[in-house]
Amino acid sequence: MKFKNIKKIMAGTVAGAMMISMAACTPISTKAQWAYKDGDNEKAIGVYIYAMYNAYNQAKTFAEKADGYKENESFLDLKIKDDDGKEAVASDWIKEKADLTVRQSLFIDKAVDERNATVDEASYKDQATQDWELGYMYSYYSQMGYGTTPEQELLEPYGISQDSYCELQYITPEKQQKLFDLIYDKDGEKEVSDKDLKKYFDDNYTYYTYFTIPLYEQTTDDAGQQTSKAYSSKKQKNLTNQADSYVKAINGGSAIDDQCEKYLKATKSDAKAADTVQKGCELLDKDNLDASNIGEDVAKEIVKLKTGEAKAVTIGEKDSKTVYVVQKLNAKDGEKEYLTKDDSTRKSVLQNMKKDEFSDYINKEAKALKCEVNSSVVDKYDPDMFWEEPEETSTTEPAQ
């Protein structure tokens, strides 16, 4: 069976993921033709196609959850529901999303220009060149031993140029961040005070501390290969009981570091509690538990705890089972370590605080933008350009 043309799933409008392979398709001209225009600011047709390409992949993730979805059949006629609960036929949703994305890019350009602000486009063009020639996040994936497909191979056959890729993948998001900062950051038009930011942090972030107790042992062979093997059921039960005793002591007023020290001594470990006990502080709610740094299963239990309360949480199966001894702390105590420690952390909290308001603002202004649409060019492109019907797989038995 031939691979489908599109295998790159994007979480958002311009977020990318690694591609491993792609089927060949008929090249489309990459000659720059404007698709959308706002005054002198033109968006090439490649920008629109790339926006539709991203929307196609995003719609595919929604379609996979829809009734009637079949892996080897086009999903474009299926009704899908997006993350906002909006329902639409997939092909219509894709075109509407692509249209909005280009309008957003035009509005963001305009808003940044009106504020006499700029971004360093040259540095992002260098990154786009690497993506184009080697693949998205090439350096990261190559270090992990994975291969990547050059974006040129993935996108140029559809008429998407490197410049169009760079604009939507890097330049527009950077300008969007610049606009966000100009509105909400220090000295911004709607500057969020430290007082309000701290209140948001205290009310919404979860501060916790923990140490782990593996219920398995790891061995390393002469080649450096590590393998894990579960302890006997008796030893696992003993360690689990120890974890429960540590939790009981913590809930009785003992410090988690002291209980970790007991565990390390009991297992004759040379490690120190100060290096073993970890801390974390995250925005944990029902919509993002699966993205938690500590893992979804543990995060679900942390949010249920009262401030100061501890619990033993067992995750994993067989040769990877682990007990987390975790305690929920007062978020206010995490302000100094996580909120005011450095500017990047402050920006992250500010983003979470204002992202919905900012997104609504961008969408509203983009939809209201009175731009020109070159329909004679735009209408030549349709979401079905990304779908390729799989070839039939032969069931004939090989000759003996």
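The values are calculated or read from the model by the stated rules, or taken from the named source; none is laboratory data. These figures come from a predicted structure and were not determined experimentally. Quick reminder, even Gly has a Cβ in these numbers, built from the backbone with ideal geometry, and neighbours come from all protein chains shown. Note: areas computed on protein heavy atoms with side chains; ligands, DNA, RNA excluded. Shrake-Rupley method; radii C 1.70, N 1.55, O 1.52, S 1.80 Å.
Tell me yes or no: at least one residue of region 160-181 is among the aromatic types (Phe, Trp, Tyr), without any contact (Cβ under 8 Å) to a residue 12 or more places away in the chain and open to solvent by 30 Å² or more (accessible area, probe 1.4 Å).
For region 160-181, residues among the aromatic types (Phe, Trp, Tyr), without any contact (Cβ under 8 Å) to a residue 12 or more places away in the chain and open to solvent by 30 Å² or more (accessible area, probe 1.4 Å): absent.
Can you find even one residue in region 288-299 that is under 20 Å from the mean Cα position of the chain (by Cα), closer than 28 Å to residue 234 by Cβ, of a type outside the set (Gly, Ala, Ser) and buried (at least 19 other Cβ atoms within 10 Å of the Cβ)?
yes
Of the residues that sit in region 236-248 and are of a type in the set (S, T, N, Q) and open to solvent by 60 Å² or more (accessible area, probe 1.4 Å), which one is farthest from residue 302 (Cα to Cα)?
Result: 238.
Restricting the first residue to region 39-56 and requiring it to be closer than 22 Å to residue 113 by Cβ and without any contact (Cβ under 8 Å) to a residue 24 or more places away in the chain, which pairs with a second residue that is open to solvent by 10 Å² or more (accessible area, probe 1.4 Å) and of a type outside the set (S, T, N, Q) meet a Cβ separation below 7 Å and a spacing of at least six or different chains?
So the pair list comes out as 42/34.
Against the conditions (1) over 28 Å from residue 202 (Cβ atoms); (2) without any contact (Cβ under 8 Å) to a residue 60 or more places away in the chain, where does residue 291 fall short? Just the number, please.
(1) is the only condition that residue 291 fails.
From the residues in region 318-347 that are over 23 Å from the mean Cα position of the chain (by Cα), modelled with pLDDT under 90 and part of a loop (DSSP other than H, G, I, E, B), which one is farthest from residue 181 (Cα to Cα)?
If we take residues in region 318-347 being over 23 Å from the mean Cα position of the chain (by Cα), modelled with pLDDT under 90 and part of a loop (DSSP other than H, G, I, E, B), then 341 is farthest from residue 181 (Cα to Cα).
Sort out which residues of region 228-270 are free of Cβ contacts under 8 Å to residues at least 24 places away in the same chain and under 34 Å from the mean Cα position of the chain (by Cα), and write them in order of number.
257
Being open to solvent by 60 Å² or more (accessible area, probe 1.4 Å) and under 19 Å from residue 319 (Cβ atoms) is the requirement here; does residue 233 meet it?
For residue 233, the condition - open to solvent by 60 Å² or more (accessible area, probe 1.4 Å) and under 19 Å from residue 319 (Cβ atoms) - is met.
With the condition kept exactly as written, say whether any residue in region 257-276 is within 11 Å of residue 208 (Cβ to Cβ), out of contact with any helix residue (DSSP H, G or I) (no Cβ under 7 Å at 6 or more places or on another chain), open to solvent by 20 Å² or more (accessible area, probe 1.4 Å) and modelled with pLDDT of 90 or more.
Taking every residue of region 257-276 in turn, none turns out to be within 11 Å of residue 208 (Cβ to Cβ), out of contact with any helix residue (DSSP H, G or I) (no Cβ under 7 Å at 6 or more places or on another chain), open to solvent by 20 Å² or more (accessible area, probe 1.4 Å) and modelled with pLDDT of 90 or more.
Checking residue 88 against (1) in contact with a strand residue (DSSP E or B) (Cβ under 7 Å, 6 or more places away or on another chain); (2) open to solvent by less than 20 Å² (accessible area, probe 1.4 Å); (3) in contact (Cβ under 8 Å) with a residue 12 or more places away in the chain, which single condition isn't satisfied?
Of (1) in contact with a strand residue (DSSP E or B) (Cβ under 7 Å, 6 or more places away or on another chain); (2) open to solvent by less than 20 Å² (accessible area, probe 1.4 Å); (3) in contact (Cβ under 8 Å) with a residue 12 or more places away in the chain, only one is false for residue 88: (3).
Scan region 71-85 for residues that are surrounded by fewer than 17 Cβ atoms within 10 Å (Cβ to Cβ) and either of a type in the set (A, V, I, L, M, F, W, C) or under 28 Å from residue 286 (Cα atoms) (or both) and jot them down.
Scanning region 71-85 gives 79, 81, 82, 83, 84, 85.
Please enumerate the residues belonging to region 308-328 that are open to solvent by 70 Å² or more (accessible area, probe 1.4 Å) and within 18 Å of residue 259 (Cβ to Cβ).
311, 314
Among 200, 207, 216, which is the only one that is touching a Gly at 6+ places or on another chain (Cβ under 7 Å) and surrounded by 12 or more Cβ atoms within 10 Å (Cβ to Cβ)?
207
Looking at this structure, is residue 332 open to solvent by 40 Å² or more (accessible area, probe 1.4 Å), closer than 26 Å to residue 258 by Cα and of a type outside the set (Ser, Thr, Tyr)?
yes
Of all residues in region 277-311, how many are modelled with pLDDT under 90 and out of contact with any Asp or Glu (no Cβ under 8 Å at 6 or more places or on another chain)?
8
Using beta carbons and a limit of 6 Å, which pairs, at least six apart or on different chains, have the first residue in region 141-153 and closer than 13 Å to residue 130 by Cα and the second one open to solvent by 100 Å² or more (accessible area, probe 1.4 Å) and in a helix (DSSP H, G or I)?
150/133
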